[in-house]
Structures are given as C-alpha cells and as structure tokens.
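Asks: Structure incoming, see below.
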C-alpha cells in the first residue's frame with residue numbers, strides 16, 4: 001500500500017529545514033534562515049498541492065531533501081529571493097529521477113474514490 005506524504009505542521013517543516021542547515025552552521029544569519037525556511041515551506045506546499053504522491057515515506061523524505069539541498073546551494077551562491085529559491089528547488093525536484101505514484105493509483109491503493 002502506498003503512503004501519502006502527510007502535511008507536516010509548520011514547526012516540523014522548519015525543524016526539518018533547520019536540520020539540513022545544521023551542516024552549514026555560521027554560513028547564514030537568522031534573516032537568511034527565515035528566507036530559506038519559507039522557500040522550503042512554499043516549495044513543499046506546491047508539491048503537495050500538485051497532487052504528487054510518493055509510494056514510500058523514504059521517497060517523500062528524499063523529495064524534501066532535494067528541495068532543501070537545492071535551496072541551500074542556491075543561497076550559498078548568493079540567491080536569497082524566496083520565489084526564485086522555491087522555483088529552482090521545484091525545478092530540481094522535477095529534473096530528479098524520483099518518481100511519484102500516479103494520482104489515480106494512489107487513490108485506489110488508499111481506498112479513496
């Protein structure tokens with residue numbers, strides 16, 4: 001049975017992004033971190049709004065990692081526009097080889113109509 005990614009509450013999403021940022025201590029100031037977390041949150045909201053589903057929690061976690069790592073890399077290169085960070089992360093996810101479960105298949109497997 002396929003797992004649908006659960007919408008994480010904002011405090012958990014922030015914690016998740018901050019976990020990725022922990023590898024880059026001292027690189028970003030608090031205002032930068034707020035921008036990066038907001039870009040990550042918006043990117044993940046876009047993924048969920050698209051109807052994209054993942055057949056395992058590990059794949060959903062990998063999708064979030066792709067988003068976070070792209071946002072961090074772009075910021076390290078000087079990009080701090082939240083919309084461009086979000087859009088670039090979504091493009092990186094789209095270009096990855098990560099596959100989602102087609103929407104109809106996910107509904108059948110979960111018993112939804």
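The values are calculated or read from the model by the stated rules, or taken from the named source; none is laboratory data. On a predicted model such as this, the values are computed, not experimentally measured, just so you know. Neighbour counts run over all protein chains shown; Cβ positions are idealised from the backbone, glycine included.
Asks: Kindly list, by first and then second residue, each pair from a residue in segment 62-78 that is on the phi < 0 side of the Ramachandran plot and without any contact (Cβ under 8 Å) to a residue 60 or more places away in the chain to a residue that is loosely packed, with under 15 Cβ neighbours inside 10 Å and part of a helix (DSSP H, G or I), limited to pairs with Cβ atoms under 8 Å and residues at least 6 apart or on different chains.
Replies: 72/24; 74/84; 75/32; 76/24
Asks: Going residue by residue through segment 54-74, is there one that turns out to be more than 14 Å from residue 19 (Cα to Cα), touching a strand residue (DSSP E or B) at 6+ places or on another chain (Cβ under 7 Å) and surrounded by fewer than 23 Cβ atoms within 10 Å (Cβ to Cβ)?
Replies: Taking every residue of segment 54-74 in turn, at least one turns out to be more than 14 Å from residue 19 (Cα to Cα), touching a strand residue (DSSP E or B) at 6+ places or on another chain (Cβ under 7 Å) and surrounded by fewer than 23 Cβ atoms within 10 Å (Cβ to Cβ).
Asks: What's the total number of residues in segment 26-49 that are surrounded by 12 or more Cβ atoms within 10 Å (Cβ to Cβ) and either outside any helix (DSSP H, G or I) or in contact with a strand residue (DSSP E or B) (Cβ under 9 Å, 6 or more places away or on another chain) (or both)?
Replies: First, pick out the residues of segment 26-49 that are surrounded by 12 or more Cβ atoms within 10 Å (Cβ to Cβ): 27-28, 32-48.
Next, only the ones that are either outside any helix (DSSP H, G or I) or in contact with a strand residue (DSSP E or B) (Cβ under 9 Å, 6 or more places away or on another chain) (or both) stay: 27-28.
Residues flagged as surrounded by 12 or more Cβ atoms within 10 Å (Cβ to Cβ) and either outside any helix (DSSP H, G or I) or in contact with a strand residue (DSSP E or B) (Cβ under 9 Å, 6 or more places away or on another chain) (or both) within segment 26-49 amount to 2.
Asks: Oh, and also: Is there a residue in segment 15-22 that is within 13 Å of the chain's Cα centre (by Cα), modelled with pLDDT of 90 or more, within 18 Å of residue 98 (Cβ to Cβ) and surrounded by 15 or more Cβ atoms within 10 Å (Cβ to Cβ)?
Replies: Taking every residue of segment 15-22 in turn, none turns out to be within 13 Å of the chain's Cα centre (by Cα), modelled with pLDDT of 90 or more, within 18 Å of residue 98 (Cβ to Cβ) and surrounded by 15 or more Cβ atoms within 10 Å (Cβ to Cβ).
Asks: Within segment 77-113, can you find the residues that are in a helix (DSSP H, G or I), surrounded by fewer than 18 Cβ atoms within 10 Å (Cβ to Cβ) and modelled with pLDDT under 95?
Replies: Within segment 77-113, 94, 95, 103, 104, 105, 107, 108, 109, 110 qualify.
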